[in-house]
Every structure is written in structure tokens, then in C-alpha cells.
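Scroll down for the structure; my scribbles are underneath it.
The values are calculated or read from the model by the stated rules, or taken from the named source; none is laboratory data. In this text the structure is predicted, and so the values were computed from the model without any measurement. Note: areas computed on protein heavy atoms with side chains; ligands, DNA, RNA excluded. Shrake-Rupley method; radii C 1.70, N 1.55, O 1.52, S 1.80 Å.
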Amino acid sequence: MMTVGIEKMRFATSNLYLDMTDLAHARGEDPNKYLLGIGQTEQAVVPPSQDAVTLAANAAEQLLTKQERAEIAEIIVATESGVDHSKSVAIYVQRLLELNRYARAIELKQACYSGTFGLMQARDYVSLHPDKKVLVIATDIARYGLNTSGEVTQGAGAVAMLVSANPQIAVINDDSQFMTADIMDFWRPVDHDKALVDGKYSANVYRDFFKEVWQRYQDTTGLTLTDFDAMVFHLPFTKMGLKALRDVLPETDEAHAASLLAAFEASRVYSKRVGNLYTGSLYLSLLSLLANDTQLRGGQRIGMFSYGSGAEGEFFSLTLAPTFKAGLDVLGMEKLLDQRQQLSVPAYEELFEGALWGSADQKAQSKQDPAHFVLTGVQNQQRQYRRQTRD
Ligand code: CAA
């Protein structure tokens, strides 16, 4: 039987970060609230020269061979940090990466959930057209504002995935359960550059959605927690996933619960250092699990919980391929995180306030940014992107 799934994955973030102990001191909080209570140690800080387009291009650039660029059938970009009400981020990415002219390109929006919709659309398309490959990118910048309770849960980055009939990393099983309900837990009106959120309520809705889709999943498939070797969560902050996991651990025995908790620790290594990537967050957790869990073996089943405020939730499973490590760039990932430059709180605040917003002509300093793709400013109400040669 033909199987479809994830062939390769790559990640991009900014080259700057803020230490959460520094932020706690600046905000008059006990550092353990951020480090343990929220579960975040570092946070990506975005310079004005990066946006959803450049982060997406920087992730996908590492992923595709020349031939794949020429042949890619669909370019799906999931984001809630879009740069235009009309034009999709996917078209900017198509030009910057010189992707197939005869491709479909689209941007998807539904808070942090839409990356999962993109992945499912890709899986369905490739199932019907097994000789085709689809590029799915989840790219976002999480902004709540200085001195807000959401500040410690900011972050940024993009995860790019290639979906094909050669699922070198994992097969996407056809077992999704999903649900949607109109809930005002988190939103961003069109004139806002920062999210509005009912924080505690959003965390409760997340847990309720998880419990409900997980129950439906079990009722429909006949599978239970004992059939899973790891549970991977959307991680707006890493304690959130831990809370959801703890809600269901009583469904299994002690030894299995301990191994699920160990897998969870592996899955949150990267998110602790980067923060929330909204659409990409679940997929950064998956990358982190694949890179950091030494117990993983081909054939194991991984549970995936996707949540997007507003609200939509989906639970599905992946079956790990024995070749999964070949689809990743673990060393590149570690290097990317280790080589970032640490910022002081005032330097972070200045960059946060200096984010490029609106359509007036303006320049973005990009000289210090080592990324391949940078935003250089806005000219004639059009965003200007540039490819830099680094090597
Ligand atoms: N040592 C250890 N732990 C401490 C501590 C200390 N000194 N002080 C406090 N804590 C613990 C608290 O007990 C609490 O843990 P529990 O929830 O397990 O009890 C934790 O630290 C956080 O403390 P508070 O609840 O008091 O924190 P807060 O009110 O300042 O804000 C927040 C927390 C609501 C998550 C806020 O950061 C926020 O609004 N974030 C944005 C919204 C969000 O991420 N929602 C998640 C679900 S929605 C979603 O998933 C979509 C999305 O991506 C946005």
C-alpha cells in the first residue's frame, strides 16, 4: 500500500535571543516562574530585518534540492503573521527560492492550527498524485507586548516540511479527529501588531479541546494511550503541553507514563529555547523529539495534538520511519541555536518596538543579520526582500 508522509524537515529562527532569567529580573518576577512555572529558558528575538516571509524562506531554503525546487507542486504557507491582507506569503517564498512556476501557492490562517491543515492538505494531494511533492511551511512571530503577562511566551521561527510518497521521517496516518468552536481566547484585530489574549481561559480551552478530540480519537480508532510511544503537543509555552499530557497519564501504567514523560522532555528542548512559533510550534516539538529522544525506533506511533485559538483542535498520529534521522539536520539545528547572540533586556525592547509595521516607506537594518533572506524595508508600499550571500 502506498504511504504518504514527511520526507524532510528544517527549521529557521532569528540569530538573537533573550534569556528568561534576565526578563524575569527586569519584570520583577521570580525567575523560577518563567523557567519552571511557564517552562521557558530563552526566547527568540526578531530583528526588523526578519518577518514571516524571510523566516519561511530561510527554513525552506535548507530543505529543497534543485530538482525539488523545479518540481514542487504546491507551496502551502501557514501563518497568523501575514504581511499583506491580499497577497500570500507563499508567493514571496516562491520567488525568493525560485520555485516551480507551475505550482499552486496559498496562505492558510487559523491561529496556531493552520500548519496542521496544510499538512493534511498536502497528505491528501500526494495520496491522489503520488509522483508529486508538496512544500508546507509554518511561519510566525509571536508578539504580545512589553510588560504583558504573555511576554514570556513570545518567540519566532518557521518549520518547513516536504510531504511526499517517500516518507523518510514518518507516515501521516489517516486517523485525524478534529473540532471547531467559536471561542474568544486569543485573537488579533486587523489593526493590531500584537495579539489580544485571555491567557488563563486560553490555557483551559486548550486542555478541554485536547481531552475532547483525544476521546473522540480513541472512540473512533479503538487505540488507547498504551499504543503511543510519544505524545507531541503544540507548545505555546512548554508547561502547557506538560499539563495536557498529565491530564491523560492516569490512562496508562507507571512505567509507560514515565517513558511518555521522558519523550515529552525531549520534545520540549527546542521550544524552551525559542518560545512560541504559533503555527510551527507543534512541528518544532516534533523536530525536538526526533533529535533528542534516544529511545525512538522505526515503527513507533507518535500522537500529535494541534491547537489554534479561536478555536480549532486536531489529534492525529504519525508512524515513525526507521530512516527518520536522515530527514533532519540535527547538527545544523544545534548550531543555529548555539550561535545566536544574547541580548540585554533594553536591546530586546528596542528591537521589539522597532519592528517594521505599516506601508509607509521605511528601511530595516539588515547588515548585522546573518540570515540568507532578509527584509530591507518598504518602498512604494511594497516590501523589499534580499538574498544575502554568506559563504
Ligand atoms: N516557581 C515556580 N513556579 C511558579 C512560580 C515560582 N516562583 N511562580 C509562579 N509559578 C507558576 C504558577 O504556579 C503557574 O503554574 P501552574 O499554571 O502550573 O499553576 C505558572 O508559574 C504561571 O503562573 P501564572 O499562571 O500566575 O502566570 P501568568 O498569569 O503571569 O500568565 C499565561 C501565564 C496565562 C500562560 C500568560 O503567559 C499568557 O497569557 N500567555 C499567552 C497565552 C497562551 O500562551 N495561551 C496558551 C493556550 S492558547 C494556545 O495554545 C494558542 C497560542 O499559541 C497562543
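Annotations
- Heavy-atom surface of the chain, accessible at 1.4 Å and reported per residue (Å²): 43
- Gyration tensor verdict on the range 65-139 (Cα atoms; rounded if a/c is under 1.5, prolate if a/b is larger than b/c, oblate otherwise): oblate
- Apportionment of accessible area to carbon and sulfur, the chain, percent (1.4 Å): 49
- Solution diffusion estimate, µm²/s, Stokes-Einstein, the range 238-391, Kirkwood Rh from C-alpha pairs, 25 °C, viscosity 0.890 mPa s: 130
- Reported value for the range 191-235: 107 Å³ per residue, from the convex hull of its C-alpha atoms.
- Within the range 1-125, DSSP assigns beta bridges of which about 40% are antiparallel (rounded to the nearest 5).
- Viscosity 1.002 mPa s, temperature 20 °C, Stokes-Einstein D of the range 171-324 from Kirkwood C-alpha radius, µm²/s: 135
- The slack in the chain from Glu350 to Ala326, taken as 0.36 nm per residue of separation less the alpha-carbon distance, amounts to 4.6 nm.
- Of all DSSP beta bridges in the chain, antiparallel share, percent nearest 5: 75
- Debye log10 I(q)/I(0) at q = 0.10, 0.13, 0.15 Å⁻¹ for the chain, Cα point scatterers: -0.59, -1.05, -1.43
- A viscosity of 1.567 mPa s and a temperature of 4 °C, combined with the Kirkwood radius over Cα pairs in Stokes-Einstein, give a translational diffusion coefficient for the range 1-75 of 83 µm²/s.
- Mean sequence separation of contacting Cα pairs (under 8 Å, at least six apart), scaled by the length of the chain, corresponds to a relative contact order of 25 percent.
- Percent antiparallel among DSSP beta bridges (both partners in the range 171-324, rounded to 5): 80
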